[in-house]
Structure formats: structure tokens, C-alpha cells
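A.B. asks: My structure is below; once you've seen it, I'll send some questions.
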Amino acid sequence: EGEVVVDDDPVSRAINHPVGHVTEALLRWWYRQDPKEGQSLPNQAKLQFTELCDTKVKMYRHGRVVLAAHAIALFRADEEWSKTYLLPLFDWHKSELEARAAWEGFLWSPRLYRPLLSAIKQPMLEAATHYKLLGKHAEQFAAFLTFAALDPGETFTAKELAQATRALPIEGLQSAAETLVRALEGAGEQRREYWRNRVLPYFKSIWPKTIDVITPGVSESLARLCIADREAFPEAFGQLQHWLKPVSYPDYLIDRLHKSTLCRELPADALAFLNAIIGHDAQWLPQELRQCLEEIQNTNMKLAKDERYVRLTNLVRRLGVS
């Protein structure tokens, strides 16, 4: 079937190819029929979609990419047809080339639909080991896997999700960490509950336990998780502190910590957090750091003699933070 060319973008090629245009037109016609769940595809669409799923015709792959992007709608309308013709395209063992095209099509605009995920569960978990092949949509896959892991339901076991997450390369874990931040920050007033019921179980049973996965970028995302919710900070920092390393530009994190009032409420934890994210070789630090240190000292005078406090104070002095 030939070598998979990762620089190529199957989605862009599909939507700009005549076969892709025809497939889009067929789908638009089908949607205008107001399809119902379990109704099955009309014969006209079924015949043409089936023909497009014939992997012996290379040119039809552009159509298969477009069909994969609409996999949820097709599955809901006609599960039997989808399982027979469309879903086998996602199987990495049948063809890496076809699977890569199908997954990139699906990841164009993915949604968590449990019945479909159950039907393509194994190929989805295996996609983690084919991360590099997913090209422009690789980070989207890591995010999709992470959202699935935050709410696994009965579709996946923690062991399966942990194994797939461990298979992600560093850049995939970076995307996963950023997804956790987006999910927690998006929980609004329910952040504490979301941390406790979703994010904390994720770290306990799914996130890789080895320290070598922690890059400055991953560390920054985990630090943002710690301060995403003021009330959850003690628990979050307690869980994640061992994975925190100095970040390249800690300005945002220091500003968030300062605005959170945690330096007054939990000065020891706040000091430990600042010490973890600020490296010895920092070249510039915001004035909020000086304010944080002042609040920590004013709240707990004993901490002014702590070696971490002394180190950070010396940094502030050396860099002339006013």
C-alpha cells in the first residue's frame, strides 16, 4: 500500500479534491432528508457511500476521509452499514494508510459519542502508538484521548487509557496536559468538584508516573492546574508538586498566584509552589513576585528564614524587581 507520507494532509487534500467535493455534496443531500437515528441510509446514498469505501480504489480515499469526518452521524443513522463499510477503515491492522486517513478525517472535528467509541475502541487506543502518523491532527488526538479519559464511562478501563496515554510521545503529553487545564478552567464554578471527580482520578490512574515525561511545557500546564481553582489548590499542589519544574516564563503563574490570595491563606504551600516554578537562572521576574514574598513573610514570619524564601528574595534583589 506504500509508505505513509506524514507531511501530507489528507483532510486538506480531500476537501480540495473533486471526489471530496462530490462526497460533501452527497452528505449535504442526505442531511436535507432530515435523517433519523436508526432509520438507515437511503439506497441512493448507501450505494454511493459503499462504493467510496472500496479501498481498492485509491482515488476514493478523499471521499473516505470526508465520510470519516461524518462518522457519528452515519453511525447513528445506520449502525449496520457503518460497522460493515465505514468503521473497518479505522483499523490500523487492515491498512495504516487508510486508518491514518480515516482518523485524520474524524479528528477534523471530533466529538465523544459513546456508542461509536465502543465500536472503534481498539483502533482508537492503538492510535496512540501511531501518533506521528496523524500529522496535523496528532495533538487533536491527544486532546480527544484525554477528554475520553476524564469521563471514561463504561467504554474504557483505567488500565487501557493509562497504556494509551503512556504511548504518547512528549508532544502528545504536552497536548494532554493543556487539555486538562482547558477542561478544568472551563468547569467554571464547578472547578473544585471537577478537580476531585475528574482530574484527580486521571492523575492517580492514567497519567504516566515516570518523571522523565516532564518538560518545561508540561510542567507549566501542571502548574496552571494547581492554581486553576483557589479552593482546590492545596489538594492539587499536593498531588502534582513532584512533577513541577522551573518554567521558562513564570509571569502568568506568579500573577495568578498573587491574585488568588493564596500567599496569605496558605503561605507555606505558596512558597513551595513559587520555589518549584522559578529556576536559579531566571533572567526576568514580575513585580508580583516581590508582593507574593512580602505577603508570605507578613503572614508567617518563620518562613522568612526558609532557604527557599531566601533564594527567591536574593533573585528578586539580583534582578532588581521593584
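The values are calculated or read from the model by the stated rules, or taken from the named source; none is laboratory data. None of the values given here were measured: they were computed from a predicted structure. Because the Cβ atoms are built from the backbone with ideal geometry, glycine has one as well, and the counts that use them run over all protein chains shown. We work out accessible area using only protein heavy atoms, side chains counted, and drop any ligands, DNA or RNA first. Shrake-Rupley method; radii C 1.70, N 1.55, O 1.52, S 1.80 Å.
A.B. asks: Can you name the residue in the range 120-134 that is open to solvent by 10 Å² or more (accessible area, probe 1.4 Å) and either among the polar types (S, T, N, Q) or out of contact with any helix residue (DSSP H, G or I) (no Cβ under 6 Å at 6 or more places or on another chain) (or both) and, of all such residues, is modelled with the lowest pLDDT?
C.D. replies: So, considering only residues that are open to solvent by 10 Å² or more (accessible area, probe 1.4 Å) and either among the polar types (S, T, N, Q) or out of contact with any helix residue (DSSP H, G or I) (no Cβ under 6 Å at 6 or more places or on another chain) (or both), the one modelled with the lowest pLDDT is 132.
A.B. asks: (1) modelled with pLDDT of 90 or more; (2) more than 35 Å from the chain's Cα centre (by Cα): which one isn't true of residue 293, the others all being true?
C.D. replies: (2)
A.B. asks: Could you grab me the full set of residues in the range 272-301 that are under 16 Å from residue 260 (Cβ atoms) and not in a helix (DSSP H, G or I)?
C.D. replies: 286
Residue-wise test of (1) open to solvent by 10 Å² or more (accessible area, probe 1.4 Å); (2) touching a residue at least 12 places away in the same chain (Cβ under 8 Å); (3) in a helix (DSSP H, G or I).
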position: 63; (1), (2), (3): no, yes, yes
position: 102; (1), (2), (3): no, yes, yes
position: 106; (1), (2), (3): no, yes, yes
position: 111; (1), (2), (3): yes, yes, no
position: 136; (1), (2), (3): yes, yes, yes
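A.B. asks: Which one is farthest from residue 244 (Cα to Cα) among residues in the range 267-281 that are open to solvent by 20 Å² or more (accessible area, probe 1.4 Å) and at pLDDT below 95?
C.D. replies: 281
A.B. asks: Please specify each residue of the range 140-158 satisfying the condition of being part of a helix (DSSP H, G or I) and either modelled with pLDDT under 95 or among the hydrophobic types (A, V, I, L, M, F, W, C) (or both).
C.D. replies: 141, 142, 143, 144, 145, 147, 148, 149, 150, 158
A.B. asks: Okay, moving on. Name the helices (runs of 4 or more DSSP H) wholly within the range 162-230 that hold at least 2 residues that are open to solvent by less than 70 Å² (accessible area, probe 1.4 Å) and touching a residue at least 12 places away in the same chain (Cβ under 8 Å)?
C.D. replies: 170-185, 200-205, 216-226
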